[in-house]
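Worksheet: the structure to be examined is printed underneath.
The values are calculated or read from the model by the stated rules, or taken from the named source; none is laboratory data. All values derive from a computational prediction rather than experimental measurement. Here Cβ is always computed from backbone atoms with ideal geometry, including for glycine, and neighbour counts include all displayed protein chains. What goes into the accessible areas is simple: the full protein's heavy atoms, side chains included, and nothing from ligands, DNA or RNA. Shrake-Rupley method; radii C 1.70, N 1.55, O 1.52, S 1.80 Å.
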Amino acid sequence: MRITIGKALSLLVAIACFVMVVIMHGGLDPDIAAFALVLLVCLVLIWFGDLLGAYVGPMMDGDRISRTTPGGCLASLGWIGLLGFAAAWIWFRLSAP
């Protein structure tokens with residue numbers, strides 16, 4: 001796995017979003033842990049999209065994945081989640097009374 005500019009940038013964006021949310025929230029609590037978990041899932045999609053997309057086989061519910069998924073699609077989903085969820089979180093925090 002190569003560390004590309006996009007992967008490094010995603011890590012920097014995730015760290016910046018996490019620090020900003022902690023500062024805006026006034027400290028660490030379970031809400032921040034949930035936010036960090038969502039950021040982590042988005043980073044996994046961005047960093048390991050090719051590996052996750054290459055999986056073909058059974059799922060836990062008994063169904064099967066029969067085709068690969070392009071890694072770029074998973075990475076795009078990760079970026080949308082990373083930027084969209086962080087922006088929504090910040091917007092809701094700023095608009096709360």
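Relative contact order for the chain using alpha-carbon pairs under 8 Å, separation at least 6, rounded to a whole percent? It comes to 27 percent, rounded to a whole number.
Restricting the chain to chymotrypsin sites (Phe, Trp or Tyr not before Pro) that sit in a DSSP loop and have at most 15 other Cβ atoms within 10 Å of their own Cβ leaves Tyr55.
Quick one: angle between helix 5-25 and the longest Cα principal axis of the chain, in degrees between 0 and 90, rounded to 10, please. The answer is roughly 30 degrees. Relative to the longest principal axis of the Cα atoms of the chain, helix 30-47 runs at roughly 40 degrees.
I'd like the carbon and sulfur percentage of the solvent accessible area for the chain, probe radius 1.4 Å, heavy atoms only, ligands and nucleic acids excluded. Within the chain, the accessible surface is 74 percent carbon and sulfur. Annotation for region 2-66: trypsin sites (Lys or Arg not before Pro) lying in DSSP loop with at most 12 further Cβ atoms inside 10 Å of their Cβ are Arg2.
Placing R0 at 22 angstrom, the Cβ-Cβ distance between Asp50 and Leu12 gives a FRET efficiency of 0.60 after rounding to 0.05. When shorter helices are ignored and each DSSP H run of at least 4 residues is given -39500 (n - 2.57), the per-residue value for the chain at 222 nm works out to -24000 deg cm²/dmol.
The residues of the chain expose, per residue, 68 Å² of accessible area to a 1.4 Å probe.
Working from label points 7 Å from Cα in the Cα-to-Cβ sense, the Met59 to Val41 distance is 1.4 nm.
Pairs of Cα atoms nearer than 8 Å and 6+ residues apart set the relative contact order; for region 34-81 it is 45 percent. One quarter of the convex hull surface built on the alpha carbon atoms of the chain amounts to 7.7 nm², the projected area averaged over directions.
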